[in-house]
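What follows is a set of notes on a single structure, which appears directly below.
The values are calculated or read from the model by the stated rules, or taken from the named source; none is laboratory data. These figures come from a predicted structure and were not determined experimentally. Cβ atoms come from the backbone with ideal geometry, glycine included; neighbour counts cover every protein chain shown. These area figures cover heavy atoms from the full protein model, side chains too; ligands, DNA and RNA do not enter into them. Shrake-Rupley method; radii C 1.70, N 1.55, O 1.52, S 1.80 Å.
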Amino acid sequence: MSKKLGFLVNSDRCVGCHSCEMACKNYYQQDPEIRWRKVYAVKEGAHSTIPLREYISVACNHCEEPSCMKACPARAYSKRQDGIVVHHQSRCIGCKMCIMACPYNVPEYNASMKKVEKCHMCYERIDRGDKPACVEGCPVDAIDIIDLNAISGFGMDTNYAGFPNPEITKSTTRFIKPKALMQVRREK
Ligand code: SF4
Ligand code: SF4
């Protein structure tokens with residue numbers, strides 16, 4: 001059976017340091033306004049009246065049914081045997097149809113190049129046996145790559161508060177939600 005790779009995002013470990021974002025930006029030398037991975041603070045107090053903090057780190061979800069790929073008139077997207085959705089920038093005509101089609105707001109428009117770009121799960125690194133730059137860059141091991149065809153998925157969720165319905169495109173990202181949220185330290 002072929003692999004079905006996805007990101008595993010462990011919000012129980014994430015401290016919101018943005019190191020994954022920066023590791024990605026540094027590895028690909030992205031323009032300042034471009035972010036292939038984004039760290040969000042889940043709204044404080046979403047679960048309680050006590051001020052709590054919770055973070056989520058997201059990039060392309062390498063969907064089983066990628067709407068970006070369906071929408072692209074230039075065939076600039078392909079899906080590998082292992083499930084990674086690759087954007088081929090040389091074919092991109094910059095029409096932004098994929099940006100409109102992706103429910104997760106993932107593809108980013110590079111105004112200087114007049115083309116789109118997005119996370120491709122560092123497939124060249126994966127092909128040589130390395131982990132993606134974001135995985136390597138996280139100091140608390142809060143991101144990993146999993147093969148959904150080889151694990152049970154027990155304890156993992158497909159959804160997260162504020163995350164669009166993952167069933168629309170069958171996102172392969174899996175989340176581990178925090179068991180105990182971090183309380184915000186404030187001066188009294
Ligand atoms: S998250 Fe968006 S850009 Fe990534 S594969 Fe899914 S539809 Fe395409
Ligand atoms: S912006 Fe590029 S990748 Fe996106 S739909 Fe248009 S041609 Fe395809």
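Cβ separations smaller than 9 Å between residues 6+ apart or across chains give the following pairs from region 81-101 residues that are basic (Lys, Arg) to residues that are open to solvent by 20 Å² or more (accessible area, probe 1.4 Å) and within 13 Å of ligand 1 (Cβ to nearest atom): Arg91/Cys72; Lys96/Tyr109.
Among the residues of region 99-115, those that are open to solvent by less than 60 Å² (accessible area, probe 1.4 Å) and within 9 Å of ligand 1 (Cβ to nearest atom) comprise Ile99, Ala101, Cys102, Pro103, Tyr104, Val106, Pro107. Kindly indicate whether any position in region 40-56 is closer than 25 Å to Asp141 by Cβ, at pLDDT 95 or above and more than 10 Å from ligand 2 (Cβ to nearest atom). No. For Phe154, indicate whether it is out of contact with any Asp or Glu (no Cβ under 9 Å at 6 or more places or on another chain) and closer than 21 Å to Lys38 by Cα. Taking the combined requirement at face value, the residue does not satisfy it. Among residues of region 160-188 that are on the phi > 0 side of the Ramachandran plot, those with a Cβ under 9 angstrom from a residue that is open to solvent by 30 Å² or more (accessible area, probe 1.4 Å) and modelled with pLDDT of 90 or more, sequence gap 6+ or separate chain, pair up as Gly162/Tyr40; Lys170/Glu64; Lys170/Glu65; Lys170/Thr158. Taking region 11-41 as the range and being open to solvent by 20 Å² or more (accessible area, probe 1.4 Å) and either of a type in the set (Ser, Thr, Tyr) or assigned to a strand (DSSP E or B) (or both) as the test, the residues that pass are Ser19, Tyr27, Tyr28, Lys38, Tyr40, Ala41. Residues in region 66-95 that are surrounded by 14 or more Cβ atoms within 10 Å (Cβ to Cβ), touching a Pro at 6+ places or on another chain (Cβ under 9 Å) and not hydroxyl-bearing (Ser, Thr, Tyr): Cys68, Lys79, Val85, His87, Cys95. Of all the criteria given as (1) surrounded by fewer than 20 Cβ atoms within 10 Å (Cβ to Cβ); (2) touching a His at 6+ places or on another chain (Cβ under 8 Å), the one not satisfied by Phe154 is (2).
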